[in-house]
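Some notes on the structure that comes next.
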């Protein structure tokens, strides 16, 4: 059968450790035999980021602006241990944070639901989508290690030279300081993306921060959402029969645990990072979550929402068997291919992406799965497959669906 032609390339961002191994397997077995893949390749492995002073990350984001669609493998955000392990020049920032800051927009993450993998929260009947702000907060922070006694101040110098100054703390000994920021324009883009996504999917939208404690920073998020909603979306929401409401983040957590699901939960950057991992794990596995950055400028970046699976990678290097779940990475590829097909009016590419997703889900529902799912499934007589064996099983199902 002839391969599906792509009209326009997409941006391919390779990554680190076990997910890098999976990335190549997916291309070799599930993409390239069926699609004449066109991609602009960027190696975002930690060694290349270090060698280029992280310029490769910036270049990949700029390419996404030009081509409109990207697919990204999981990458390492180094800590002190990683800095020593990889002999880094410095502790490079999160590549996801860098890319999201350049593209703006909102990250939407939703669990991949399959029969036999039941949510650990008994009340959850429908998927819960996390809408995560993609700019600022701790991902663009500035930090200082305070060596001893002294005064810490927050200082803003306006363009006209006016200085605003607030004392942070009078240190009597050593400590740490962290400065974070955000932008009204980015918060508004976040709000509009969330409102539009809710209307497009017909789901209620929740938004939560901690404005009772953070009376300026978090309150600004609350105010911008309220202003945008009242100005442009209240009437549209009422016509669609869906609801928007704001609550505190701790109240939202309590509500989520008692809900049936089927709504969008909008969170600030770090809150969304943590809560999406909680939701994906509670729905089944960290590797069973879709993730897409949607920019108001029309850029789409699809990624696996989990880490690089370091423990399995070290086993792989020793030649030991692994059973690593590749579903989120497969769905990152299908999401990018589908969007490329939609933008380029290539229906056969859209259909292929749909078919590959069906094949992945059907393989699991047939009882063929990786170890993380085999340990929690309610299906009987399942077969636990290794990393490569699962991908080959998906290919067998994919061919049967052709």
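The values are calculated or read from the model by the stated rules, or taken from the named source; none is laboratory data. Predicted model only: the values in this text are computed from it and were never measured. Backbone-built Cβ (ideal geometry, glycine too); neighbour counts: all protein chains shown.
Scanning the stretch 274-308 for residues that are over 18 Å from residue 103 (Cβ atoms) and not in a helix (DSSP H, G or I) returns 284, 285, 286, 287, 288, 289, 306, 307, 308.
Every residue, every condition in (1) at pLDDT 95 or above; (2) in contact with a helix residue (DSSP H, G or I) (Cβ under 6 Å, 6 or more places away or on another chain); (3) over 29 Å from residue 357 (Cα atoms); (4) not assigned by TED's automatic domain parsing to the domain that holds residue 351, yes or no:
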site: 2; (1), (2), (3), (4): no, no, no, no
site: 22; (1), (2), (3), (4): yes, yes, no, no
site: 28; (1), (2), (3), (4): yes, no, no, no
site: 44; (1), (2), (3), (4): yes, yes, no, no
site: 56; (1), (2), (3), (4): yes, yes, yes, no
site: 79; (1), (2), (3), (4): no, no, yes, no
site: 87; (1), (2), (3), (4): no, no, yes, no
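Just one of the listed residues (25, 13, 18) is under 25 Å from residue 315 (Cβ atoms) and not in a helix (DSSP H, G or I), namely 13.
When you scan the stretch 255-273, do you find a residue that is more than 22 Å from residue 293 (Cβ to Cβ), touching a strand residue (DSSP E or B) at 6+ places or on another chain (Cβ under 8 Å) and buried (at least 18 other Cβ atoms within 10 Å of the Cβ), even just one? Yes, because at least one residue in the stretch 255-273 is more than 22 Å from residue 293 (Cβ to Cβ), touching a strand residue (DSSP E or B) at 6+ places or on another chain (Cβ under 8 Å) and buried (at least 18 other Cβ atoms within 10 Å of the Cβ). Of all residues in the stretch 196-217, those that are farther than 12 Å from residue 246 by Cα and in contact with a strand residue (DSSP E or B) (Cβ under 7 Å, 6 or more places away or on another chain) total 4. Within the stretch 136-146, the residues that satisfy the criterion of being in contact with a strand residue (DSSP E or B) (Cβ under 9 Å, 6 or more places away or on another chain) and farther than 19 Å from residue 166 by Cβ are 138, 145.
Within the stretch 344-375, can you find the residues that are outside any helix (DSSP H, G or I) and surrounded by 14 or more Cβ atoms within 10 Å (Cβ to Cβ)?
Across the stretch 344-375, the qualifying residues are 346, 366, 367, 368, 369, 370.
Given the structure, is residue 208 surrounded by fewer than 17 Cβ atoms within 10 Å (Cβ to Cβ) and either touching a helix residue (DSSP H, G or I) at 6+ places or on another chain (Cβ under 7 Å) or not assigned by TED's automatic domain parsing to the domain that holds residue 338 (or both)?
No: the conditions fail for residue 208.
Those helices (runs of 4 or more DSSP H) of the stretch 160-273 in which at least 3 residues are more than 24 Å from the chain's Cα centre (by Cα), considering only elements entirely within it, cover 217-228, 234-240. The set of residues from the stretch 201-243 being without any contact (Cβ under 8 Å) to a residue 12 or more places away in the chain and under 21 Å from residue 187 (Cβ atoms) comprises 213, 214, 215, 216, 219, 223, 227, 230, 231, 234. Going through (1) farther than 30 Å from residue 155 by Cβ; (2) touching a helix residue (DSSP H, G or I) at 6+ places or on another chain (Cβ under 9 Å); (3) surrounded by 21 or more Cβ atoms within 10 Å (Cβ to Cβ) one by one, residue 283 falls short only on (2). Of the residues making up the stretch 131-159, those that are assigned to a loop (DSSP other than H, G, I, E, B) and in contact with a helix residue (DSSP H, G or I) (Cβ under 7 Å, 6 or more places away or on another chain) are 134, 135, 136.
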